[in-house]
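Here's the structure we're looking at; comments come further down.
The values are calculated or read from the model by the stated rules, or taken from the named source; none is laboratory data. The model shown is predicted, which means the values in this text are computed figures rather than measured ones. Positions of Cβ are backbone-derived with ideal geometry, glycine not excepted, and every protein chain shown enters the neighbour counts.
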């Protein structure tokens with residue numbers, strides 16, 4: 001994993017992607033500008049883990065490019081892939097909203113770049129917009145239900 005310098009082009013990419021994500025599209029220009037000041041860009045190589053199921057949530061992620069695999073433990077020694085993410089997809093909101101351990105492991109199916117908003121920064125942004133938090137909670141509940149269905 002390697003932290004990249006965020007360029008003007010990356011900011012434009014983030015803005016373009018964010019406007020297509022349901023809950024980001026509802027943010028005010030001021031709040032989106034605040035997020036743009038805080039967001040980081042990380043590069044991961046194929047096979048690298050971004051986060052591991054059961055660890056504490058420390059960030060919210062938005063996929064810039066590449067393909068990511070989402071897997072959940074099915075037993076003590078086995079796991080199953082439940083989803084694949086690509087450009088514009090996001091993850092990490094469940095662990096941050098609920099202060100709960102990660103519900104899944106995310107690793108790279110190919111070299112990928114991911115925008116990252118750390119927990120403290122995420123909470124700062126979320127704290128100033130209750131509608132943003134309510135939207136994320138609804139989305140989080142739907143994702144949790146979907147993950148539980150796929151585990152069975």
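Are any residues in the stretch 3-17 surrounded by 10 or more Cβ atoms within 10 Å (Cβ to Cβ) and either modelled with pLDDT of 95 or more or under 24 Å from residue 48 (Cβ atoms) (or both), and if so, which ones?
Pass one, the stretch 3-17, residues surrounded by 10 or more Cβ atoms within 10 Å (Cβ to Cβ): 3-4, 6-7, 10-17.
If the condition is that a residue be surrounded by 10 or more Cβ atoms within 10 Å (Cβ to Cβ) and either modelled with pLDDT of 95 or more or under 24 Å from residue 48 (Cβ atoms) (or both), then 3, 4, 6, 7, 10, 13, 14, 17 are the ones that fit.
Going through the stretch 37-57 one residue at a time, which ones are crowded, with 17+ Cβ neighbours inside 10 Å, within 13 Å of the chain's Cα centre (by Cα) and assigned to a strand (DSSP E or B)?
Once the filter is applied, which keeps residues that are crowded, with 17+ Cβ neighbours inside 10 Å, within 13 Å of the chain's Cα centre (by Cα) and assigned to a strand (DSSP E or B), the stretch 37-57 yields 41, 42, 50, 51.
Filter the stretch 63-84 for residues that are over 12 Å from the mean Cα position of the chain (by Cα) and within 14 Å of residue 50 (Cβ to Cβ); which is modelled with the lowest pLDDT? I'd like the intermediate steps shown before the answer.
Our first condition is that a residue be over 12 Å from the mean Cα position of the chain (by Cα); within the stretch 63-84, this holds for 65-67, 69, 71-84.
If we keep only those that are within 14 Å of residue 50 (Cβ to Cβ) as well, we get 65-67, 69, 71, 83-84.
Values: 65: 96, 66: 98, 67: 98, 69: 97, 71: 94, 83: 91, 84: 96.
Top of the filtered list is 83.
Please tell me if residue 17 is touching a residue at least 60 places away in the same chain (Cβ under 8 Å), in contact with a strand residue (DSSP E or B) (Cβ under 9 Å, 6 or more places away or on another chain) and closer than 21 Å to residue 136 by Cα.
Details: touching a residue at least 60 places away in the same chain (Cβ under 8 Å): yes; in contact with a strand residue (DSSP E or B) (Cβ under 9 Å, 6 or more places away or on another chain): yes; closer than 21 Å to residue 136 by Cα: yes.
Criteria met by residue 17.
Does any residue in the stretch 34-52 that is at positive phi come within less than 7 Å, Cβ to Cβ, of a residue that is buried (at least 18 other Cβ atoms within 10 Å of the Cβ) six or more places away or on a different chain, and which pairs are these?
If the second residue must be buried (at least 18 other Cβ atoms within 10 Å of the Cβ), the pairs left are 47/107; 47/108.
Considering each of 150, 102, 87 in turn, give the residue that is touching a helix residue (DSSP H, G or I) at 6+ places or on another chain (Cβ under 6 Å) and either farther than 26 Å from residue 16 by Cβ or modelled with pLDDT of 80 or more (or both). Reasoning before the result, please.
Details: 150 fails: touching a helix residue (DSSP H, G or I) at 6+ places or on another chain (Cβ under 6 Å); 87 fails: touching a helix residue (DSSP H, G or I) at 6+ places or on another chain (Cβ under 6 Å).
Of 150, 102, 87, the one residue that is touching a helix residue (DSSP H, G or I) at 6+ places or on another chain (Cβ under 6 Å) and either farther than 26 Å from residue 16 by Cβ or modelled with pLDDT of 80 or more (or both) is 102.
Which condition number in (1) farther than 24 Å from residue 146 by Cα; (2) surrounded by fewer than 16 Cβ atoms within 10 Å (Cβ to Cβ) is the one that residue 34 fails?
(2)
Filter the stretch 105-134 down to the residues that are closer than 17 Å to residue 21 by Cβ and surrounded by fewer than 14 Cβ atoms within 10 Å (Cβ to Cβ), then identify the one that is farthest from the chain's Cα centre (by Cα).
Within the stretch 105-134, the match that is farthest from the chain's Cα centre (by Cα) is 131.
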